1. Report whether or not residue B:407 is at positive phi and either surrounded by fewer than 24 Cβ atoms within 10 Å (Cβ to Cβ) or within 16 Å of the chain's Cα centre (by Cα) (or both).
2. Have a look at B:163, B:132, B:142, B:153 and point out the one that is at pLDDT 95 or above and under 20 Å from residue B:189 (Cβ atoms).
3. Yes or no: residue A:184 within 14 Å of chain B (Cβ to nearest Cβ) and crowded, with 18+ Cβ neighbours inside 10 Å?
4. Could you say which residue among B:97, B:38 is surrounded by 15 or more Cβ atoms within 10 Å (Cβ to Cβ) and either modelled with pLDDT of 95 or more or over 16 Å from residue B:157 (Cβ atoms) (or both)?
5. If you scan region A:44-72, which residues turn out to be farther than 14 Å from residue A:123 by Cα and touching a residue at least 12 places away in the same chain (Cβ under 8 Å)?
6. Here is a list of conditions, (1) within 30 Å of residue A:185 (Cα to Cα); (2) assigned to a helix (DSSP H, G or I), and residue A:57 meets all of them except one; can you say which number that is?
7. Collect the residues in region B:77-122 that are away from every other protein chain (no Cβ under 13 Å), assigned to a loop (DSSP other than H, G, I, E, B), more than 20 Å from residue A:354 (Cβ to Cβ) and in contact with a helix residue (DSSP H, G or I) (Cβ under 7 Å, 6 or more places away or on another chain), keeping them in residue-number order.
8. Could you list all residues from region B:11-35 that are surrounded by fewer than 20 Cβ atoms within 10 Å (Cβ to Cβ), away from chain A (no Cβ under 14 Å) and in contact with a helix residue (DSSP H, G or I) (Cβ under 7 Å, 6 or more places away or on another chain)?
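The values are calculated or read from the model by the stated rules, or taken from the named source; none is laboratory data. Nothing here was measured: the structure is a model prediction, and the numbers come from that model. Cβ coordinates were reconstructed from backbone atoms using ideal geometry, including for glycine residues, and neighbour counts include every protein chain displayed.
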């Protein structure tokens with residue numbers, strides 16, 4: 001067995017050869033990876049069965065996340081092909097100018113190097129992340145939960161076979177063989193091999209990586225998203241946006257958790273909103289003012305406002321102004337996605353400027369915060385921190401840049 | 001006394017009001033800050049005298065770094081005015097497009113929020129950093145060494161007075177009142193108030209911040225920079241570049257530490273190089289091959305290759321190819337700045353692609369890695385990591401971005 005530290009070093013070495021791998025070759029490897037996933041379906045599904053057997057005591061939802069079948073594997077292979085179809089994010093000239101010294105400066109996108117992904121039990125993550133990182137010219141060290149180990153191993157084996165087919169270094173895709181807690185800690189501290197860590201999973205996992213990593217981390221995922229219905233809002237539009245933001249897919253991070261309603265339209269809007277949400281089986285935690293208008297709702301407490309329910313459950317609060325709405329969002333939000341429904345330009349401006357979030361919407365559902373919707377063609381997560389990249393992380397966000405400086409013997 | 005945690009919270013609150021402070025007002029505050037520094041010269045120099053008195057047992061070099069006089073204070077004030085003259089880095093539209101959903105997306109530069117600066121004893125850092133952060137719309141929490149506390153306090157007081165003059169929140173510039181180790185630890189963990197930490201100082205300080213911070217950090221400063229003289233190099237040019245890179249200012253991070261020379265020109269180049277370096281009083285640590293050509297040089301050991309001397313001292317090594325040069329740089333370098341002197345396009349290409357550094361030069365001295373030389377008008381440090389920003393950190397690198405999404409009731 002190779003230690004995780006050694007695996008990271010192998011990935012680092014592989015990353016050096018990726019720096020000059022042409023886009024044609026990178027895409028060819030990805031297409032071969034997709035082909036291999038299809039050709040070796042039986043092997044992969046058998047490996048998945050081993051994981052499922054060991055997880056038989058766990059919840060049905062957990063087993064569903066873990067489960068692969070022919071259809072899901074097909075979707076994974078198609079996802080890899082879609083990544084092959086995307087534009088090359090590398091070697092883009094971001095700046096091109098002559099310095100006062102006469103030196104010709106070019107700022108150029110280059111690979112990040114080695115990206116570590118720490119994730120839970122969804123086997124598709126191993127394929128998606130490997131493909132995105134590879135397309136962006138980076139090696140990838142995957143450290144998944146032990147529950148999906150056999151599935152991920154079978155998937156990564158197909159990527160390694162594709163790399164081998166094209167004479168590329170197989171350690172461009174590495175799955176941690178030995179995912180003990182101690183080894184993970186070593187990985188999180190290994191700045192000599194890893195350039196970036198992206199944790200993907202629940203809040204506890206992400207917070208643990210942030211607390212222990214010395215390698216730079218991009219924080220993803222936590223989404224306490226808000227919708228604010230202003231006094232001047234078109235109430236039908238507000239209703240549709242709120243219901244969509246909460247109900248269309250409550251388990252994802254861009255779903256709404258808290259609806260803020262201006263007091264001037266509370267009497268008109270809250271009864272219709274609550275009726276519709278109740279039709280959709282949404283449990284509502286409400287503040288006192290709301291409960292006076294719509295009796296029978298649960299009372300929200302201090303903890304409610306910062307809870308990411310990830311299910312058909314939400315908070316509802318009456319506010320006196322757009323300022324109060326923004327104050328609430330800044331106090332309890334996670335800087336992910338917020339929306340104002342309003343027809344008053346000054347209030348819209350105040351909201352857009354005041355919300356310190358990755359994505360701020362006017363008159364549209366927060367559910368659009370997504371790599372595909374943003375035209376990135378895929379995403380490795382949604383960043384809620386401010387360093388490097390915010391919002392959906394596509395191929396471009398997985399690169400860094402370098403300055404190339406061309407001189408004629410200049411000295412200073 | 002206010003705890004550092006509370007000071008950070010005050011800075012966070014101030015940062016919210018900075019988001020909408022016009023560029024005219026930001027520049028006016030900066031000019032008032034510069035004026036105040038001049039008007040209150042006596043106060044500031046008196047405070048500096050207190051610091052110098054307490055440091056009287058420390059080294060001369062240390063006291064020189066700490067010392068302020070009329071001329072140095074004038075230079076600090078001019079530096080602040082130069083920052084006021086720079087373009088506004090905020091509210092730049094980086095992308096502007098219509099999504100397939102019909103939503104109008106704009107990607108816009110916005111302030112980072114609160115930037116923590118952990119530094120040592122140079123009082124000018126408190127003025128430079130405050131001014132750069134403020135211009136970029138961010139509040140700044142300064143945590144300096146206790147040696148320069150009185151000087152920094154007197155400088156920051158002038159910024160607070162300028163903020164007050166224009167009705168802006170004085171906590172946009174905060175100096176840690178209580179810089180104990182425990183308090184610093186709290187600051188490094190305070191993700192609720194701080195968005196970014198930039199340590200400025202020696203290697204030990206920077207490594208300690210990296211090891212202990214949970215707030216995202218930009219690593220700056222460590223520069224083991226290389227120059228590689230290829231077989232086809234113009235030897236006169238190579239000599240001038242090497243001498244400039246080592247000798248023009250050996251204490252800074254963009255100075256050369258190691259010179260690599262192709263074996264094909266070693267016989268011709270090394271004697272002239274060593275003669276010139278010795279004229280400049282440079283101590284040379286050399287590998288065996290070099291010592292056979294130029295007798296009497298010190299022997300380099302394994303540790304030499306990763307040493308940042310920061311003085312008139314360097315390493316010298318003969319390599320067999322550009323590949324070996326890049327391998328050496330990747331093994332021992334700090335990803336700061338490297339140079340190839342060569343007239344062979346394929347070797348230049350190999351070097352530029354292969355060196356994973358912030359700045360890679362062809363036929364020019366690494367000493368140009370500098371915010372002013374790059375036309376950024378100033379810098380807060382030189383990043384040697386790959387996340388967010390590489391190389392000189394100017395105003396643009398102190399901002400982040402947000403997506404503004406304008407809809408007409410779109411749902412998903």
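1. Working: at positive phi: no; either surrounded by fewer than 24 Cβ atoms within 10 Å (Cβ to Cβ) or within 16 Å of the chain's Cα centre (by Cα) (or both): yes.
Taking the combined requirement at face value, the residue does not satisfy it.
2. On the way: B:163 fails: under 20 Å from residue B:189 (Cβ atoms); B:132 fails: under 20 Å from residue B:189 (Cβ atoms); B:153 fails: under 20 Å from residue B:189 (Cβ atoms).
The conditions single out B:142.
3. On the way: within 14 Å of chain B (Cβ to nearest Cβ): no; crowded, with 18+ Cβ neighbours inside 10 Å: yes.
So residue A:184 does not fit the description; no.
4. Values: B:97 fails: surrounded by 15 or more Cβ atoms within 10 Å (Cβ to Cβ).
Selected residue: B:38, the only one of B:97, B:38 that is surrounded by 15 or more Cβ atoms within 10 Å (Cβ to Cβ) and either modelled with pLDDT of 95 or more or over 16 Å from residue B:157 (Cβ atoms) (or both).
5. Once the filter is applied, which keeps residues that are farther than 14 Å from residue A:123 by Cα and touching a residue at least 12 places away in the same chain (Cβ under 8 Å), region A:44-72 yields A:54, A:58.
6. (2)
7. The answer is B:86, B:120, B:121, B:122.
8. Hits for region B:11-35 are B:27, B:31.
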